[in-house]
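Structure, as structure tokens:
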Amino acid sequence: MVTFLVGADAPKRFKIHEDLIRPRSEFVRLALVGEWKEAQERTIPLPEDDPNVFSVYQHYLYSGLVHTRYNNTLSKKDDGTLSKKDDEYRMLVQAYILGEKIMDQDFKDSVTDAIIEKLRSVRRFDTSLTSLVFDNTPSTSPLRRLWMDAYYHFGSSEWLDAGACSSPINGEFLADFSRHQMRSRTGFGTFGPYAMFLSCTYHEHGTRPCHRQTAHESS
């Protein structure tokens, strides 16, 4: 077993089988080799992470499913954004960011699918998370492309207001959005507004089998 201590104050302890997580996570593989303290004690501290978010990852490892808390009583605003009563988008984005740290591409792809399914089902979007996405992902991140496509194909001018974003709009997002909008009118790496709902559009697996394919074969 590998123990993860998640959170800064009174961290929560998670135990995960090494043979389950090690093949998936480059982060864990590196932490468990050599003379590192983590390798000797088989304990990996994650003081900057949220135990609730890590529990989403732990559940995914053992079930292959992404489970998040969901408030079914949604307050939808006229401009197409979600009210603060619905925090599932935030949980999913934080899970994706954890996947970046853990370096588990299949988990990130699965979380991306969950974000797209939520967008498809509720037809609303949480613009307040734009800075969270752009401050915690690399410039090549598929999640950034998904975020810009959502703005491009489904957004309104109100989405760029500070009120909709809970803070001034992220400067890096604005630069990327404006640059790509000038270059193309077909979206950001897609073939139109509905390409974002197609399989693998925002996945990172490249030529490797999709996580959905491997899960189907194992079942």
Does the range 129-144 include one or more residues that are part of a helix (DSSP H, G or I), under 19 Å from Phe107 (Cβ atoms), at pLDDT 70 or above and basic (Lys, Arg)? yes
Top-ranked residue of the range 129-145 - restricted to ones that are more than 15 Å from Ile115 (Cα to Cα) and over 11 Å from the mean Cα position of the chain (by Cα), ranked as surrounded by the most Cβ atoms within 10 Å (Cβ to Cβ): Phe134
Within the range 104-118, is even one residue of a type in the set (A, V, I, L, M) and modelled with pLDDT under 80? no
For the structure I just gave you, tell me whether Tyr60 is modelled with pLDDT under 80 and either part of a helix (DSSP H, G or I) or closer than 23 Å to Gln213 by Cβ (or both). no
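The values are calculated or read from the model by the stated rules, or taken from the named source; none is laboratory data. Keep in mind that what you see is a predicted model, and the values were worked out from it rather than measured. Cβ sites come from the backbone with ideal geometry, for glycine too, and all protein chains shown count toward neighbours.
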